[in-house]
Amino acid sequence: MMHHYDEPVYLISIVAKILDIHPQTLRQYERENLVCPSRSDGRIRLYSQRDIDRIKLILRLTRELGVNLAGVDIILRLKVNVDEMEQGMAELKQEVAKAKKSYSVSPNKALVTKKSIYEMIIFKE
């Protein structure tokens, strides 16, 4: 059975087993606001595949690069900012492409005359 990437389906014990970490580590990540798993009606933590991938990134940063949890928090926030900027740039590129396609005049014909690159400076005596 396939689940949606953001669907919370994994219990903390399963995630701990998958990632070979102690459940207390997952609780610590939650206390540090690095991961925010969903909660069932009975307040049981449920993790999605997106959460697991985020935890894998946290583990890579801490284990392989020696980054502390405060540094991980900063890196993850910067990653969100970069992702948002890349999304914005992609949207702007689409708008530019759309605008170029909707030209009523050929793009190689000038609609505005160019100004001279020379400026005149007048000195008063």
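Throughout, read-outs are computed from the coordinates displayed, never taken from laboratory work. Computed from a prediction, not measured in an experiment: that's the story for all the values here. As a convention, Cβ positions derive from the backbone with ideal geometry for all residues, glycine included, and neighbour counts pool all protein chains shown.
Among residues belonging to the range 1-27 that are touching a Leu at 6+ places or on another chain (Cβ under 8 Å) and part of a helix (DSSP H, G or I), point out the one that is farthest from Val67 (Cα to Cα).
Step one: list which residues in the range 1-27 are touching a Leu at 6+ places or on another chain (Cβ under 8 Å), which gives 8-12, 15-16, 19, 21.
Next cut, part of a helix (DSSP H, G or I) only: 12, 15-16, 19.
On the way: Ile12: 24, Val15: 22, Ala16: 21, Leu19: 18 Å.
Among them, the one singled out is Ile12.
Quick check on this structure: which one of Asn68, Asn33 is exposed (fewer than 12 other Cβ atoms within 10 Å of the Cβ), in contact (Cβ under 8 Å) with a residue 24 or more places away in the chain and not aliphatic (A, V, I, L, M)?
When all the criteria are applied, what remains is Asn33.
Residues in the range 15-26: is at least one free of Cβ contacts under 8 Å to residues at least 24 places away in the same chain and among the acidic types (Asp, Glu)?
yes
Name every residue in the range 40-60 that is of a type in the set (Asp, Glu) and farther than 19 Å from Gln24 by Cβ, in order of residue number.
Once the filter is applied, which keeps residues that are of a type in the set (Asp, Glu) and farther than 19 Å from Gln24 by Cβ, the range 40-60 yields Asp41, Asp53.
All but one of (1) assigned to a helix (DSSP H, G or I); (2) exposed (fewer than 12 other Cβ atoms within 10 Å of the Cβ) hold for Ile55, so report the exception by its number.
Just one mismatch for Ile55, condition (2).
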